[in-house]
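Data block below; observations after.
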Amino acid sequence: MARMKFLCDAERCIECNACVTACKNEHQVPWGINRRRVVTLNDGRPGERSISMACMHCTDAPCAAVCPVACFYTTADHVVLHDKDLCIGCGYCFYACPFGAPQYPRVGNFGGRGKMDKCTYCAGGPQQDNSHAEYLQYGSNRLAEGKLPLCAEMCSTKALLAGDGEIIATIYRERVQQRGYGSGAWGWRTAYKEVPQV
Amino acid sequence: MIALPWRPAALGLLLLVLPLAAPAQPVHPAQDGPPALTARGPDASELELQRALQGGRIEGRVTIPDRQAASLVQPAGRDWRVFHNRTLVWIGGIAILGMLAILAAFYLIRGRIRPSSGLSGRTVLRFNLLERANHWMVAASFIVLALSGLNLTFGRHLLLPVIGPEAFATLSLWGKIAHNFLAFPFTLGIVVMLLLWVRDNLPNRTDWAWVRAGGGFLGGAHPAAGRFNAGQKLVFWITILGGALVAASGYMLMFPFAVTDVAGMQLSHIVHGVLAMLMIAAMLAHIYIGSLGMEGAFSAMSNGRVDYNWAKEHHSLWLEEEVARAGEAAGAPRSAKAAGAD
Ligand code: SF4
Ligand code: SF4
């Protein structure tokens, strides 16, 4: 089994937000929820870099560790998913998540949090694969169809890579060797406790 | 034209100096990388390590109207995880189990405290209807708030394995809803409590004597006390100050990111969790001494009346005041009439 990861090559990301739009459209993500976003560091200054960020599907996932109802599970491909039927919308996963991945519809009392929503690595949820119920709760399940996450698949500069960690790390390493520089794999140290060796 | 012969030479030199620029050469780790890399700033893993060690976040700019999304990496989440999963569990476990152990030991050693002169059968009003209603509004909301709060810290380990994930999730969801709504009567009750009782809870010299006499808990002698003794004053101020801080931090959590960012939310949760655990432990002692631990105490909050002997032993100064006031009230018309005659 693969160990699925994301890697955003900041030297290539042009902040076009196509990944964000693709994700929104593919899963019909409601207004106000952003499973993926592009953050620009040092905007307008030397060293400006854009990084597309979503749930990184961490090793020893902090969200899963703190969830009071233990509604997270990790698939065989090491995708971190959660069960919305169990989630109580307490918001704890957001406090623990290093990347601000968990999102909450404002449907609770006093405009509080509803059930958490986050990037599923296009792998749906605990419902039957590719069922209507799964689509309504979690969006489409491309992984079950043998496809990779849409954000990475349609990235025009191929800055955003998705797939087995070994393979995308190799692609990144070759790129850095080719062009002679790279700012590293953003979030990898925090999420996976390892960085691609270049 | 003059520069032409110079350019290739400079380029060649650069290639020599910067082995990285040459294609197909292995890249060194950033630490011993050439200046060309360093000039681009620290790389991702260096920056993440630095923030993890020194605090702070890696933040940028986003085009979506959600300011929280501008934070790329917040390593502080790791500390909050340790707080939530370990520190708070230990604080709560020690505070609550420790208090239960102390109370059990106290009960075994001292038994139920009874008025040494027995009950007289005559009673005196201690708390009026407003005071009692407010007390029970605070008490009832506190109990539900405490249980639903404890569930978020301990339920996953204690209750979930027993009742299963579905039942536990349903319970926790109702707990969260109750927790959110009961925050309001609790806060209101705290404010009313402050207005009703602050006057009788200001520390004075009697309290010092009471504390030095150990409150009469171990001896058996009854130190003098006004309407509230030093122990009750302590409970009062724990409730008022602790309650105010717990309420304030709770509203921060209830209206997420309304006035703060993720660091503020984490801090609110830490303040809320620690104070709530300590308050629960303190209230266990309050509940014990107001019910099982002392005969004659509970009626003060049920029908509002306490036995005359109980009052004499535990709140001698207050009883004197009450008796004097009752005497004045009862005696006022008589003494007015008799003023000339006497
Ligand atoms: S990125 Fe956040 S939500 Fe995703 S697995 Fe890690 S901690 Fe959980
Ligand atoms: S919001 Fe839901 S998924 Fe996140 S910690 Fe709370 S119950 Fe778990």
Query raised in the report: What are the pairs, 6+ residues apart or on separate chains, where a residue within the stretch B:316-331 that is within 20 Å of B:Ala224 (Cβ to Cβ) has its Cβ under 9 Å from a residue that is among the basic types (Lys, Arg) and outside any helix (DSSP H, G or I)?
Result: B:Leu317/B:Arg227; B:Trp318/B:Arg126; B:Trp318/B:Arg227; B:Glu321/B:Arg227; B:Glu322/B:Arg126; B:Glu322/B:Arg227
Query raised in the report: Going by the structure shown, is A:Ala64 more than 12 Å from ligand 1 (Cβ to nearest atom), over 12 Å from the mean Cα position of the chain (by Cα) and surrounded by fewer than 24 Cβ atoms within 10 Å (Cβ to Cβ)?
Result: no
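Please verify whether A:Arg113 is farther than 16 Å from A:Gly125 by Cβ, more than 8 Å from ligand 2 (Cβ to nearest atom) and either hydroxyl-bearing (Ser, Thr, Tyr) or modelled with pLDDT under 95 (or both), treating the condition exactly as stated.
Numbers: farther than 16 Å from A:Gly125 by Cβ: yes; more than 8 Å from ligand 2 (Cβ to nearest atom): no; either hydroxyl-bearing (Ser, Thr, Tyr) or modelled with pLDDT under 95 (or both): yes.
So A:Arg113 does not fit the description; no.
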**Report entry** Selected residue (only one of A:Ala169, A:Ala185 is within 14 Å of chain B (Cβ to nearest Cβ), hydrophobic (A, V, I, L, M, F, W, C) and part of a loop (DSSP other than H, G, I, E, B))
**Finding:** A:Ala185
Report summary line: If we ask which residues in the stretch A:72-94 are in contact with a Lys or Arg (Cβ under 8 Å, 6 or more places away or on another chain), more than 9 Å from ligand 1 (Cβ to nearest atom) and farther than 21 Å from B:Met254 by Cα, their number turns out to be 2
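Does at least one position in the stretch A:79-93 carry a residue that is within 14 Å of another protein chain (Cβ to nearest Cβ) and part of a helix (DSSP H, G or I)? Can you show your working first?
The initial filter retains those residues of the stretch A:79-93 that are within 14 Å of another protein chain (Cβ to nearest Cβ), namely A:82-93.
Now narrow it down to the ones that are part of a helix (DSSP H, G or I): A:92-93.
Taking every residue of the stretch A:79-93 in turn, at least one turns out to be within 14 Å of another protein chain (Cβ to nearest Cβ) and part of a helix (DSSP H, G or I).
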Query - Test for A:Arg35: is it crowded, with 18+ Cβ neighbours inside 10 Å, basic (Lys, Arg) and more than 13 Å from ligand 1 (Cβ to nearest atom) - result: no
**Report entry** Only one of B:Ala183, B:Ala146, B:Ala167 that is at pLDDT 95 or above, surrounded by fewer than 17 Cβ atoms within 10 Å (Cβ to Cβ) and in a helix (DSSP H, G or I)
**Finding:** B:Ala167
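Farther than 30 Å from B:Arg227 by Cα and polar (S, T, N, Q): is that true of B:Asn180 in this structure? Step through it out loud before you land on a result.
On the way: farther than 30 Å from B:Arg227 by Cα: yes; polar (S, T, N, Q): yes.
Against the criterion (farther than 30 Å from B:Arg227 by Cα and polar (S, T, N, Q)), B:Asn180 qualifies.
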Query raised in the report: In the stretch A:64-78, how many residues are more than 7 Å from chain B (Cβ to nearest Cβ) and either hydroxyl-bearing (Ser, Thr, Tyr) or in contact with a Gly (Cβ under 9 Å, 6 or more places away or on another chain) (or both)?
Result: 4
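Give the residues of the stretch A:38-61 that are surrounded by fewer than 18 Cβ atoms within 10 Å (Cβ to Cβ), more than 16 Å from ligand 2 (Cβ to nearest atom) and either part of a strand (DSSP E or B) or not polar (S, T, N, Q) (or both), sorted by residue number. So that I can check it myself, show each step before the final result.
The initial filter retains those residues of the stretch A:38-61 that are surrounded by fewer than 18 Cβ atoms within 10 Å (Cβ to Cβ), namely A:42-48, A:59-60.
Pick out the ones that are also more than 16 Å from ligand 2 (Cβ to nearest atom) and you get A:42-48, A:59.
Selection gives A:Asp43, A:Gly44, A:Arg45, A:Pro46, A:Gly47, A:Glu48.
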Query raised in the report: So which of A:Ala101, A:Ala61, A:Ala123 is touching a helix residue (DSSP H, G or I) at 6+ places or on another chain (Cβ under 7 Å) and at pLDDT 95 or above?
Result: A:Ala123
Query - Any pair with Cβ under 8 angstrom, 6 or more apart, that starts in the stretch B:62-76 at a residue that is more than 7 Å from chain A (Cβ to nearest Cβ) and ends at one that is surrounded by 20 or more Cβ atoms within 10 Å (Cβ to Cβ) and assigned to a helix (DSSP H, G or I) - result: B:Ala76/B:Val262; B:Ala76/B:Gln266
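The values are calculated or read from the model by the stated rules, or taken from the named source; none is laboratory data. Everything numeric in this text was worked out from a predicted model, so none of it was measured. Because the Cβ atoms are built from the backbone with ideal geometry, glycine has one as well, and the counts that use them run over all protein chains shown.
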